Amino acid sequence: MRKLLIVGMGWVLLGMGSGVMAQENTLLDKVTMGEVVVTASRQEERRNKVPAHVSVVTAKDIENSTAQNVAEILYNQAGIHVSDISGNKRNYSVDLRGFGESTSQNVLLLVDGRRVNLDDLSGADWNLIPIERIDRIEIIRGSRGTVLYGDNATAGVINIITKEGTRTDATAEVAYGSYATLKGYASASGDYGALAYDISAGYLQSDGYRDNSGTIAKDIGANLRVEPTDRLQLHLSTGYHYDDTRNPGRLFQTDFDAGLSRTDSATPDDFDKVDDFYIKMGLDFDLTRDHLFKLLVSTRKRDKKSFGTLSGSFFNSDTQTDIYSASPQLVFHHGTGRFSNRMILGADLRASEQDFDNHSESFGSPSQTLATLEKYNTAYYFHDEVGIGRHLNISGGYRSDRATFSYEPSTPSKKTLDEESYTFGVNYAFGDASHVYGSYSRGFRYPVLDEQFNYSTSTINTDLAQQTSDNIEIGASIAIVKHLQAGVNLFSIETDDEIFFNAVAFANENMQGTTVRRGAEISLDWQYGPLAVSGAYTRTDTEFDGGPYDGKDIPFVPADKATAKAAYTFACGLTLGLDAVYVGEAYLISDFENSFEKADAYTVVNAKVKYLWHGLTFFADLNNIFNEEYSSYRVVGYNPATFANAPSFYPSPEFNALVGVTAHFGSSQ
């Protein structure tokens, strides 16, 4: 019956909306229908001019949700499958378009256009930016972003855009909830003509749903923008993130048979501790009225300490990462009569160094590994968009990319990979928010540092190659009526030499044959004054074409996913929200043979209550209100109790709540 709730919610709220439409038409349009995005071309452009499935999550969307981090914000988006790995809201898998367990290397995360993905298997840290600091999130699905951003963008690009000072304002928030969760946040911003700033600080402490799943997190962030002249803009963004999180690990059926519960941990000492600091500086300079020079430089320093246990062994590691990058760019605008042209020429230069110190012990035998791993990336790209009349746009781009990997100690010590990427799209826009499009893109990803380097033998896997993908997509987003937007997107991604971890050979390899992902994303978005309703359905079909797993499904990719979301704001300042997510069955991670039973489908429903009163916002986030028992993350792994591979579980939280108050000061009060 719960699975029917998504459909039922939609019909009930549509019925409520009929009554709202009968009221006087004093209601506001949806802000995001005709808005400008920056991620799709690294320049501002209207969303309905982009030949891709683009969606935007605004700060208001975040405020009306129960999300506590970026990954949870994406939970309701079409084509995105989110799993809370440890059940403590600190470690996530965010999958776009069916990449399953390899998604962390195929989805590119940006913060204000700066790459966040690390050059190792840890991928992106989804807790790096507190949600209170976010102005909006732009999501570009498909491989189109590879030309502009390079490696890791095979399945899509997610760009977190942080707040800049647009007015004199300040907020302070405190919240308390289940599992002794305590959360605090404060921010201040201002806009004084040529100078704008936004500064913030946050704190989180929680015991977590399971034993050994507690966390302590601290965040500080700041944005500064200076416009000394009409032609020059300087901007700076910086942030510090500290995270000390325990890892409860997986449970096997034998653990439950031995008396352990869903909240117990079989790894009571495992943890990850992170110190992460970045600073980004940039300038925009108008060379002429139609030509622009941009420069973005950044540095990041990250220190991660980890302790983990697995099958009679343990490791204690310390990884220090230093990243430096520079991205110059020239933008040319031309317009003649009914024709317009915008060309972007750019380069991406990036250097990453990891110093790795690992102490481990396997069945009583201790060892230590010291290694320095480096990656140097140089790329050049161009992207051109031609407008014909008011409606038709044709765009294309090309990227030449080279990555050089260096390892010490190692034999051999260096490896260089080269790759090209290109894209072509046709888009027809009409009205303020409607368009139809078709596109082709070629994406790629390089193997990351610890996929190539063998820590036991200090050697490089010289046979491991980069993977390439061909992405074809057609779609439409139509403003059916003034307040109702509908979207349909069909995609096909075929990947050669896909990089995966072979659990049998205990090695990273290129998949034989082709991995195929095809799907449809259908969305509906309706806002009419105080009522906002949205829903989405995603169908994803996957298979291995050729190779040892020919005809099998790709693990950890649910064929069906559906979401529904609604919020109603009363004149008294009370907002009631409800959202539901249904995730269908999927084979377990690493079950390439499809030999184990699929993980069960599940439905999770959350509720939001918010009340605005004299500059204070009181809120209650009610998560999993029907107390569904499920595991969003399940893996086939070696069970030492049975000496065989078996399904393992990472139990997800049952019903939990967070209540708090936010105080607003200044112009937003």
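The values are calculated or read from the model by the stated rules, or taken from the named source; none is laboratory data. Note that the coordinates shown come from a computational prediction; the quantities given were computed from them, not determined experimentally. Please note: Cβ atoms are built from the backbone with ideal geometry, for glycine as well, and neighbour counts cover all protein chains shown. Calculation scope for accessible area: heavy atoms of the full protein, side chains included, ligands and nucleic acids excluded. Shrake-Rupley method; radii C 1.70, N 1.55, O 1.52, S 1.80 Å.
Whether a residue is of a type in the set (A, V, I, L, M, F, W, C) and over 28 Å from the mean Cα position of the chain (by Cα) was assessed, and Leu392 passes this test. Among the criteria (1) over 20 Å from the mean Cα position of the chain (by Cα); (2) at pLDDT 95 or above; (3) open to solvent by less than 30 Å² (accessible area, probe 1.4 Å), the one Leu531 does not fulfil is (2).
Each residue in segment 592-622 was checked for being among the charged types (D, E, K, R) and without any contact (Cβ under 8 Å) to a residue 24 or more places away in the chain, and 1 of them qualify.
Quick one: in segment 469-485, of everything that is surrounded by 20 or more Cβ atoms within 10 Å (Cβ to Cβ) and not aliphatic (A, V, I, L, M), which residue is nearest to Thr372 (Cα to Cα)? Looking at the filtered set, the residue picked out is Ser469.
Looking at this structure, is Thr603 in a strand (DSSP E or B) and under 30 Å from Asp191 (Cβ atoms)? No.
All conditions but one from (1) open to solvent by 50 Å² or more (accessible area, probe 1.4 Å); (2) closer than 22 Å to Glu132 by Cα; (3) not in a strand (DSSP E or B) apply to Ile216; the one that does not is (3). Restricted to segment 219-236, and to residues there that are under 20 Å from Phe277 (Cα atoms) and hydrophobic (A, V, I, L, M, F, W, C), the residue that is surrounded by the fewest Cβ atoms within 10 Å (Cβ to Cβ) is Leu236.
Within segment 275-299, the residues that satisfy the criterion of being under 27 Å from Thr215 (Cβ atoms) and either modelled with pLDDT under 95 or touching a Leu at 6+ places or on another chain (Cβ under 9 Å) (or both) are Asp276, Tyr278, Ile279, Lys280.
Tell me, please, whether a residue that is touching a His at 6+ places or on another chain (Cβ under 6 Å), touching a residue at least 12 places away in the same chain (Cβ under 8 Å), surrounded by fewer than 24 Cβ atoms within 10 Å (Cβ to Cβ) and farther than 27 Å from Asp591 by Cβ can be found in segment 105-117. No, segment 105-117 contains no residue that is touching a His at 6+ places or on another chain (Cβ under 6 Å), touching a residue at least 12 places away in the same chain (Cβ under 8 Å), surrounded by fewer than 24 Cβ atoms within 10 Å (Cβ to Cβ) and farther than 27 Å from Asp591 by Cβ.
This table checks each residue for (1) in contact with a Gly (Cβ under 8 Å, 6 or more places away or on another chain); (2) among the acidic types (Asp, Glu).
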residue: Gly547; (1), (2): yes, no
residue: Asp553; (1), (2): no, yes
residue: Val557; (1), (2): yes, no
residue: Asp560; (1), (2): yes, yes
residue: Ala567; (1), (2): yes, no
residue: Cys572; (1), (2): no, no
residue: Ala580; (1), (2): no, no
residue: Glu585; (1), (2): no, yes
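The condition (being among the acidic types (Asp, Glu) and outside any strand (DSSP E or B)) is satisfied by just one residue among Asp255, Asp303, Asp275: Asp255. All of (1) open to solvent by 30 Å² or more (accessible area, probe 1.4 Å); (2) more than 30 Å from Asn461 (Cβ to Cβ); (3) touching a strand residue (DSSP E or B) at 6+ places or on another chain (Cβ under 6 Å) hold for Thr288 with one exception: (3). Just a yes or no: is a residue in segment 622-639 surrounded by 19 or more Cβ atoms within 10 Å (Cβ to Cβ) and β-branched (Val, Ile, Thr)? Yes, the conditions are met somewhere in segment 622-639.
Sub-8 Å Cβ pairs linking a first residue in segment 623-643 that is closer than 14 Å to Gly87 by Cα and among the hydrophobic types (A, V, I, L, M, F, W, C) to a second residue that is open to solvent by 70 Å² or more (accessible area, probe 1.4 Å) and not in a loop (DSSP other than H, G, I, E, B), at least 6 apart or interchain, number zero. Candidates in segment 20-41 are the residues that are assigned to a helix (DSSP H, G or I) and open to solvent by 40 Å² or more (accessible area, probe 1.4 Å); of these, the one that is modelled with the lowest pLDDT is Met21.
Residues that are open to solvent by less than 40 Å² (accessible area, probe 1.4 Å) and within 30 Å of Ser86 (Cα to Cα) within segment 273-285 comprise Val274, Asp276, Tyr278, listed in sequence order. Of all residues in segment 230-269, those satisfying the criterion of being farther than 21 Å from Arg634 by Cβ and among the acidic types (Asp, Glu) are Asp230, Asp243, Asp244, Asp269.
Of all residues being open to solvent by less than 50 Å² (accessible area, probe 1.4 Å), outside any strand (DSSP E or B) and touching a strand residue (DSSP E or B) at 6+ places or on another chain (Cβ under 7 Å) in segment 414-450, which is modelled with the lowest pLDDT? Just the residue, please. Ranking the candidates gives Ala433 first. Taking (1) assigned to a strand (DSSP E or B); (2) surrounded by 16 or more Cβ atoms within 10 Å (Cβ to Cβ) in turn, Thr263 satisfies each apart from (1).
Scanning segment 374-402 for residues that are without any contact (Cβ under 8 Å) to a residue 40 or more places away in the chain and of a type in the set (Ser, Thr, Tyr), we see that the one that is most open to solvent (accessible area, probe 1.4 Å) is Tyr380.
Only a single item in (1) touching a residue at least 12 places away in the same chain (Cβ under 8 Å); (2) more than 23 Å from the chain's Cα centre (by Cα) is not met by Ile480, and it is number (1). Total residues in segment 205-243 satisfying the condition of being closer than 24 Å to Gly660 by Cβ and either polar (S, T, N, Q) or touching a residue at least 40 places away in the same chain (Cβ under 8 Å) (or both): the figure is 14. A count restricted to segment 363-373 and to residues that are touching a residue at least 40 places away in the same chain (Cβ under 8 Å) and open to solvent by less than 50 Å² (accessible area, probe 1.4 Å) stands at 3.
Screening the candidates Leu576, Leu616 for the property of being closer than 20 Å to Ile73 by Cα, over 23 Å from the mean Cα position of the chain (by Cα), open to solvent by 40 Å² or more (accessible area, probe 1.4 Å) and of a type outside the set (Asp, Glu) yields one hit, Leu576.
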